[in-house]
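The values are calculated or read from the model by the stated rules, or taken from the named source; none is laboratory data. Just so it is clear, the model here is predicted, and its values are computed rather than measured. Neighbour counts run over all protein chains shown; Cβ positions are idealised from the backbone, glycine included.
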Amino acid sequence: MKKFLFILLIGLAFTSCKKRGKAIWDTDWQVPLVHDSLSMSNLVADSLLTVVSGNYVLDVDASLFEFRLSDFVSLPDTSVQNTFNMSLNITANPGTSFVNNVEEHVIDIGDAQLKKIRVKQGGIQLKVFNPIPTKTFFTITLPGVTRNGVALTQEFVAPAGTVSDPGVATGFVDLNGYELDLTGQYGTSYNRIQSKMLVKSDPDGPSVVVHTTDIIVFQFTMKDVELDYARGYFGNQLVSDTVYAQIDAMNNISDGILDVDAMTFDLSIENGLKVNGKFKINSLKNINSIGNVVSLSHPNIGTWNTINAATGSNGNITASNTTLSFTPGNSNFEQYVENHGAKNELSFQLQMNPWGNVSGGWDEIYDAHPLKVKLNGLFPLNVGLKDLIFQDTFALSLINDPNKTNVKSGQIWINAMNAFPFEGALELYLLDANYQTVGIVSGTSAIESSVFGTVVNGIMQKKSMVYFPVSEQLCDDISKVKHCMIKLKLNTYNGTGPNNQIPIPANAFFSFKLGANLTLENQL
């Protein structure tokens, strides 16, 4: 509709102020401008439209928001260091090996106590420092980091160095597909990663003296790690948030009454996490353009709802479902929609493991199976409109050239065919730079509703011819216009009276031809 209204203003662009010349005469012109059409697919996504008994219905199956693994667990970039100190001052022959024991390193994962994770993205930056004055071979093993059952092992050759200027070698391992056992050496802990370092002096190099001050260092840094699986205890986390859904088209409704049919829908919590929880909607509000607020009422709003853990294993997960049904008998959803606000505000709380570690550390989360809050419902597009004002404002600058032919007066016309059950009366407010009204251009009649028409190709259609006169005075003031405000007043009729709920028939459309009849003042 906005596109149609904007095109309507093209006709006004022909207007300019008059200026007297030596020879002046008038000529009349009829100017066709554009032909266009509008259907429900221009207003609503095709995927949401279905037809029941010949009329349009909104079939909504939408995910409002999701909680994934990354919302509960994230691994920060973590640097870990493993050192090996020489116990004696010795002469190391070529090929001498130095081995340290397996070391454990704690990973900071917040309150979560994880025993196993699997990586889908990120890696480990490895770095070794050699203070021995001969080339040295490093074999680095992370015993609990495996892919296909094989532990991650990397070999490095570091150049000779000193304590103050050690030889350095670096490498990077892509961890995609690796599993990390975080239970430590004895399988009883959590959030721990193990490392082991084997160092061997160059078999082909010289004998060197090794001192107790020589410290061999191995560092690894986990970088940009993202998980697709985690097992353990995710803590007693409480998430509180407020989210907003904006329906921009509603911003253009400034006044009037929208009456909708009784609506029933389900708000479902589909839990793909193998974690128990509970969920509470604190409030759901609709705020319209003039600040009126309607809060959705329902017995479950403001109360905790239990969420059972999903079931299954090895990625074959069956989600649990908690459903809140909203009906005309238990909610005010009809009044919520009729507030026709663009802004929707949802405040909620989600708590995981409200009863503690009841699984003994066997909670599991697969990133492919999130917790979803979904909206499901069939909404008949049965609407009643009473003086509903669709309003929009945009910039419009009309440039005058007094030395050329000017429009003395005229009218813009619309030849419309309407298959929607709405009547529309249109006004154009031409505004100056301070948004003060310069002039108003009103249609001589309304675009009539299809209910007053006849059946053509199986659908009711009504033809209308509407004129918008452009006065000589408005032509004189047109240079002041910097903005244009459109007001479209919509009403529904069913043949007996206004403000009745009327279904929108399948294949409803609005087509039009736009043109102008102009009286031009020509000068020499």
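For the condition modelled with pLDDT under 80 and β-branched (Val, Ile, Thr), ILE440 does not qualify. Taken over the range 144-186, the residue count meeting the criterion of being touching an Asp or Glu at 6+ places or on another chain (Cβ under 8 Å) and more than 18 Å from VAL217 (Cβ to Cβ) is 6.
Taken as a whole, the range 354-366 holds no residue that is closer than 20 Å to SER63 by Cβ, surrounded by 15 or more Cβ atoms within 10 Å (Cβ to Cβ), touching a strand residue (DSSP E or B) at 6+ places or on another chain (Cβ under 7 Å) and at pLDDT below 95.
Here the range 454-511 is the region considered, the condition is being modelled with pLDDT of 75 or more and at positive phi, and the residue that is surrounded by the fewest Cβ atoms within 10 Å (Cβ to Cβ) is ASN457. Output yes when any residue across the range 120-138 is assigned by TED's automatic domain parsing to the domain that holds ASN82 and at positive phi, and no when none is. The answer is yes; a qualifying residue exists. Count of the range 60-91 residues, restricted to those that are of a type in the set (A, V, I, L, M, F, W, C), in a loop (DSSP other than H, G, I, E, B) and exposed (fewer than 14 other Cβ atoms within 10 Å of the Cβ), is 1. Of the strands (runs of 3 or more DSSP E) that lie entirely inside the range 274-387, those containing 2 or more residues that are charged (D, E, K, R) span 277-287, 343-352, 363-366, 371-380. Within the range 267-291, the residues that satisfy the criterion of being surrounded by fewer than 16 Cβ atoms within 10 Å (Cβ to Cβ) and modelled with pLDDT under 90 are ILE290, GLY291. When VAL199, VAL150, VAL217, VAL225 are checked against the criterion of being farther than 19 Å from ASN101 by Cα and in contact with a strand residue (DSSP E or B) (Cβ under 9 Å, 6 or more places away or on another chain), VAL225 stands alone in meeting it.
In the range 151-165, the residue that is nearest to GLY205 (Cα to Cα) out of those that are more than 49 Å from the chain's Cα centre (by Cα) and among the hydroxyl-bearing types (Ser, Thr, Tyr) is THR162. Is it the case, given these coordinates, that LEU350 is assigned by TED's automatic domain parsing to the domain that holds THR242 and more than 21 Å from TYR229 (Cα to Cα)? Taking the combined requirement at face value, the residue does not satisfy it.
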